[in-house]
1. I'd like the distance separating the alpha-carbon centroids of the stretch 217-281 and the stretch 7-61, in whole Å.
2. Around residue 91, with a cut-off of 13 angstrom between Cβ atoms, what is the net charge of the other residues, counting Lys and Arg +1 and Asp and Glu -1?
3. Helix-only estimate, please: 222 nm mean residue ellipticity of the chain, summing -39500 (n - 2.57) across DSSP H runs of length 4 or more and dividing by its residues, to the nearest 500.
4. Can you tell me the alpha carbon radius of gyration of the chain divided by the globular rule-of-thumb value 2.2 N^0.38 Å?
5. Keeping all protein chains in the complex and leaving out DNA, RNA and ligands, what accessible area do you get for residue 69 with a 1.4 Å probe, in Å² to the nearest 10?
6. Mind giving me the nanometre distance, one decimal, between the label points for residue 204 and residue 16, set 7 Å out from Cα along Cα→Cβ?
7. Counting DSSP beta bridges with both partners in the chain, what percentage is antiparallel, nearest 5?
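The values are calculated or read from the model by the stated rules, or taken from the named source; none is laboratory data. On a predicted model such as this, the values are computed, not experimentally measured, just so you know. Using ideal geometry, Cβ is built from the backbone for each residue, glycine included, and neighbour counts are taken over all protein chains shown. For accessibility, only protein heavy atoms count, side chains too; no ligands or nucleic acids. Shrake-Rupley method; radii C 1.70, N 1.55, O 1.52, S 1.80 Å.
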Amino acid sequence: MSPAARRAAVLGSPIAHSLSPVLHRAAYREMGLTGWSYDRFEVDEGGIAPFLEKLAAGGEEWAGLSLTMPLKRAVIPLLDGIGDTAASVGAVNTVVFTADGRRFGENTDIPGMVAALRERGVESVPHAAVLGAGATASSALAALARICTGEVTAYVRSRERAEEMRGWGERLGVAVATADWADAPRALAAPLVIATTPAGAADALAAAVPERPGTLFDVLYEPWPTPLAAAWAGRGGRVLGGLDLLVHQAVLQVEMMTGRSPAPLAAMRAAGEAALAARTA
């Protein structure tokens with residue numbers, strides 16, 4: 001490995017489906033970082049501490065790590081510090097190794113979501129709806145704290161989830177109301193709807209898309225389009241998908257890990273689109 005070489009990787013479980021290597025490698029090619037590599041490793045909650053210890057002892061020049069579930073919260077006690085954005089939702093998706101050997105964590109999902117919306121012309125909304133109440137939903141609330149001037153309604157399946165979402169709203173400074181999942185068709189009338197549910201969970205809502213929908217941000221990217229996204233686009237609404245989020249958060253990760261800016265958004269998106277097309281061919 002040459003002196004200029006640096007390593008990075010994405011960790012999680014499961015991890016085989018991750019598009020992160022495609023995006024980061026495309027960035028390295030475009031930026032002329034010929035000595036850089038980006039891999040993927042299957043690592044669960046019990047394996048993250050030994051993995052980090054192995055990196056520290058290996059003597060290789062590591063630049064950073066991307067983290068997916070279930071590591072975004074499990075990694076926090078193992079870090080030397082985290083940024084304000086990560087602290088706001090208690091989730092880290094990016095670890096950068098500093099020159100003095102420290103491990104610093106941040107969350108690029110939240111600013112990535114905001115950047116994706118702004119790219120499509122969504123700078124501010126008077127109110128919004130969130131479908132679901134998992135980890136991605138808390139990131140959605142944090143993003144909405146930056147662009148939503150009014151109330152956010154979260155559509156959830158249980159009283160416990162409703163309490164969690166209201167709690168996140170209080171911590172993030174967002175006015176959050178909750179509604180039962182049975183009323184989820186009403187969510188589609190909001191000017192911005194962020195769907196954070198697993199594949200298939202919101203498919204039935206496709207039949208309830210209004211005549212003139214606003215903006216839908218469906219965080220899934222495979223399979224794509226989802227029935228809800230297809231119906232939304234068919235009605236002429238603005239649609240963003242999981243690839244939009246993945247690319248924008250990866251742009252921020254590349255900039256943090258390499259210390260160079262701007263990262264090549266267009267090249268990374270093209271690489272991601274090509275990889276998804278190859279999977280469905």
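1. Spelled out, the Cα-based centre of one part sits 20 Å from the other.
2. So the surrounding residues net to 0.
3. Numbers: 10 runs with 112 residues, N = 281.
It lands at -12000 deg cm²/dmol.
4. 1.01
5. Answer for residue 69: close to 100 Å² accessible.
6. 3.1
7. Bridges in the chain that DSSP calls antiparallel: roughly 15 percent.
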